[in-house]
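These notes concern the structure reproduced below.
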Amino acid sequence: MSDPIAIASDHGGLELKTLLKKDLEDRGLTVLDLGTNSTDSVDYPDFADAMAAALKEGRAARGVLICGTGIGISIAANRHAHVRAALVHDAFTTRMARQHNDANVLVLGGRTMGPEVARDCLGLFLDTAFEGGRHARRVEKMSRPG
């Protein structure tokens, strides 16, 4: 079995998180659910920080973050040097996030993306490899602390 994948959302992404978590489990993946599990209002930076900790501690190799638009949670996640969180909108941006940026966290907008597009993005995120080459140098620069 592959490395665990973490998933987290705020209240605005809960419905999509629930759907995608099942898709991950249906693929036979081990899923580390970092919350939220309620529609009560919560602060998305807390879940971005939980994702960053799970990646840093090796509890997950990759992750999925979801908030209402995906914007806030991606900004919060990318404050951590080891996180490359990519807010994607379609198949093309997802493919480029993996091939060129070696994104280790997929970010989606629970209120801006339909479930079928989200599922397509998740599949591409899981199945697309990093190209390396000239892109590796750039990724290394992004991964340096502060």
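Report the gain in length on full extension from residue 46 to residue 140: 0.36 nm times residue separation, minus Cα-Cα distance, nm rounded to one decimal. Mind dumping the intermediate values first?
Numbers: separation 94, 0.36 × 94 = 33.84 nm, distance 2.59 nm.
Residue separation times 0.36 nm, minus the Cα-Cα distance, leaves 31.3 nm.
Carbon-plus-sulfur accessible fraction, region 79-146 (probe radius 1.4 Å, protein heavy atoms only): 51%.
When the Gaussian network model of the chain links Cα atoms closer than 10 Å, the mean-square fluctuations of 18, 94, 39 top out at 39. Mean projected area of the convex hull spanned by the Cα atoms of the chain, taken over all viewing directions: 7.9 nm². Between residue 57 and residue 130, the distance separating the two model label sites (each 7 Å from Cα on the Cα→Cβ line) works out to 2.3 nm.
Using Cα-Cα distances under 8 Å and only pairs 6 or more residues apart, what relative contact order does region 42-146 have, in percent? Working shown, then result.
On the way: 165 pairs, mean separation 29.0, N = 105.
So the answer I get is 28 percent.
Hey, can you find the accessible area per residue of region 9-146 for me, probe 1.4 Å, expressed in square angstrom? Display every interim value, and only then the final one.
Working: 6880 Å² over 138 residues.
Here the residues of region 9-146 average 50 Å² of exposed surface.
Summing charges over all other residues whose Cβ lies under 12 Å from the Cβ of residue 54, with Lys and Arg as +1 and Asp and Glu as -1, gives -1.
In this rough spin-label picture, where each label sits 7 Å from Cα along the Cβ direction, the residue 3-residue 26 distance is 2.6 nm.
Which of the peptides 117-127, 23-33 is most tightly packed, and how do the rest follow, going by the mean number of other Cβ atoms within 10 Å of each residue? Walk me through the intermediate numbers first.
Details: 117-127: 18.7, 23-33: 14.2.
Descending mean neighbour count gives 117-127, 23-33.
The values are calculated or read from the model by the stated rules, or taken from the named source; none is laboratory data. Model, not experiment: these values are computed from the prediction. Note: ideal-geometry Cβ built from the backbone for every residue, glycine included; neighbour counts use all protein chains shown. Side chains included, ligands, DNA and RNA excluded: accessible areas come from the protein's heavy atoms. Shrake-Rupley method; radii C 1.70, N 1.55, O 1.52, S 1.80 Å.
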